[in-house]
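Worksheet for the structure shown next.
The values are calculated or read from the model by the stated rules, or taken from the named source; none is laboratory data. Given the structure is predicted, the values throughout are model-derived calculations rather than measurements. FYI the Cβ positions are ideal-geometry reconstructions off the backbone, even for glycines, and counts take in every protein chain you see. Side chains are part of the model used for accessible areas, which takes the heavy atoms of the whole protein and leaves out ligands, DNA and RNA. Shrake-Rupley method; radii C 1.70, N 1.55, O 1.52, S 1.80 Å.
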Amino acid sequence: MPSRSLPSWAPLSAAERDRLDENVHRLAADIRDNGPMPFIDYMERVLYDPESGYYSRQAVFGEPGDYITAPTLSPLFGRALARQCAQVLEHHGGDVIEVGGGTGHLALDILTALEPAGPAPDRYWLVERSAGLRERAQALIAHAAPQWRERVHIVAEWPRVKARIILANELLDALPTTRFRVTADGIRPLHVAASETGLGFVPGPRDRALEARLAPLALPVGYESEVTPASEDWLAGAAEHLDSGLILVIDYGFPQSEFYHPDRGGGTVMCHFRQHAHPDPLILPGLQDITAHVDFTALARAGARLGLDIAGYTSQAGLLLALGLAEEAPTDLKALQAIKRLTLPHEMGELFKAIAFTRNLSIPLRGFALFDRRHTLGL
C-alpha cells in the first residue's frame, strides 16, 4: 500500500521516504491481519515503537527538530521552575523526579539555578523512555553540570523511591489517546484502516464505558474529540511515588468546558513536523509528533479521587510571572523574545496550563499566587 500524498510543506529525503514507506507497509500488514487498529494503539506504535517510532529518532526538539519546547527555547523557563522547587525543598528536602525529561535541558536549567548546598534535591531522577534521548541527557549533564553528576540518575522507568517533587512538562499531551466520533447510534472510538489510497479513519464498535463517561456532556452527532485515561493512570502512578510534596504538571490543555466546547468539534489532536503544526496524524507515521490536549478537569477529578489536594491551576504565563520571570533582566534580544514567547497569550503563555497536586504540604505555592484558576475546572 502506498503512503498518502504529502503536502508541500513536508518534503522528504530519500531515506525519510523509505522509512515512511516501510512504516506504512508494516501498519497496513498489521491491519490486514488483525482488522482496523484503535487509534490509541496506532498512536502508541508510531510514537514509541523502539525501531520505527517517532521518539526513536535523535533530533525532535528545538530548532533542528520538529517543535520547540519551553526548556529548549530558553533556560529562563527552568530557572523559574527552580524557584518553585526551592520553596518546597527548603521546607522538606528530598528527591525530585522529572518524568519525560527528554534531552535533559529542563533538568540542567533547574539544577544550575540551585546550589548543591542550598535548597536542592537529594537526588534528581530523570525518567525518559527513549534510549537515544537518555544518552543525550546523560552527555548534557556530564558536560554542563558535572557538580551534579553524583546526584542525577537518568533512567527508563519510575525509580523505586518516594519523591518530594514530581515534574511533568509537555508529557501528558504525548500519551496515547482514544479518539471518538458521536454517531446517530452511539459514541464510537475511531480506528485506523488501510486502503489502496493510504491510511484513514473508520468508526469502531460502540463502547459502553466511553458512552457512560461522555454522557453528561451531551455532545452532538458528528462531534469528534478525545479522551485520555492514560493521563489519569499516569497521575495514579505519580501519586504512588509522592511523599509529602508536590506534583507539578505543565502542558497544552483546557478545563473540560473548553475542551469539549461546541466550536471544538474536530478534537484537539495536533501534529508537528519541521516546525509545522497540522491536525492529520495519519500522513507521516513515525516521522511526526502527535499530541492531544489535556483535559485538566478530568485530571483534577482523578487527583481528588487519589486523595491529592488540588493546590493550584493557572496558565503558563501566570505560573512563570508568579515565579519571577518578569524580574529577569534580559541580557539580549533573544532572551527578551523568549520571555515574550513564554508568556504572551497568543504564544505559549495561555495555550499551556499548569496544575499542582500536593500531599501533606501546607505552604501556599508561590507559582499560583497571582492567577489561580481552580474555579474554572468545574469541580
Which ranges mark the helices (runs of 4 or more DSSP H) fully within segment 1-89 that have 2 or more residues being at pLDDT 85 or above and open to solvent by 40 Å² or more (accessible area, probe 1.4 Å)? 14-34, 39-48
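Test of understanding: among Ser225, Ser231, which residue is touching a residue at least 12 places away in the same chain (Cβ under 8 Å) and assigned to a helix (DSSP H, G or I)?
Answer to the check: Ser231.
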Consider Thr343 against the criteria (1) over 24 Å from His241 (Cβ atoms); (2) among the β-branched types (Val, Ile, Thr); (3) surrounded by fewer than 18 Cβ atoms within 10 Å (Cβ to Cβ): it satisfies all of them except one. Which criterion is unmet? (3)
Out of Thr331, Thr358, sole residue that is hydroxyl-bearing (Ser, Thr, Tyr) and buried (at least 21 other Cβ atoms within 10 Å of the Cβ): Thr358
Residues that are closer than 22 Å to Leu167 by Cα and under 21 Å from the mean Cα position of the chain (by Cα), at least 1 per element: which strands (runs of 3 or more DSSP E) completely within segment 272-368 meet that? 289-291, 309-315, 352-359
Among (1) among the polar types (S, T, N, Q); (2) crowded, with 20+ Cβ neighbours inside 10 Å; (3) over 25 Å from Asp251 (Cβ atoms), where does Gln147 come up short? (2)
Please tell me if Ala193 is within 23 Å of Leu282 (Cβ to Cβ), among the small types (Gly, Ala, Ser) and either in contact with a Pro (Cβ under 9 Å, 6 or more places away or on another chain) or not in a strand (DSSP E or B) (or both). yes
Is there any pair linking a residue in segment 251-273 that is on the phi > 0 side of the Ramachandran plot and at pLDDT 95 or above to one that is assigned to a strand (DSSP E or B) and open to solvent by 20 Å² or more (accessible area, probe 1.4 Å), with Cβ under 6 Å and at least six apart or on different chains, and which? Gly267/Glu224
Step by step: first the residues of segment 300-317, then only those that are small (Gly, Ala, Ser) and over 19 Å from Ala86 (Cβ atoms), then the one that is surrounded by the fewest Cβ atoms within 10 Å (Cβ to Cβ). Which residue is that? Gly307
Under 7 Å between Cβ atoms, at least 6 apart or on separate chains: pull out the pairs that start in segment 193-206 with a residue that is within 15 Å of Arg26 (Cα to Cα) and end on any residue that is hydroxyl-bearing (Ser, Thr, Tyr) and open to solvent by less than 90 Å² (accessible area, probe 1.4 Å). Gly198/Ser3
Residue hits (segment 90-115; farther than 20 Å from Leu365 by Cβ and open to solvent by less than 50 Å² (accessible area, probe 1.4 Å)) are Gly100, Gly101, Gly102, Thr103, Gly104, Ala107, Leu108, Leu111
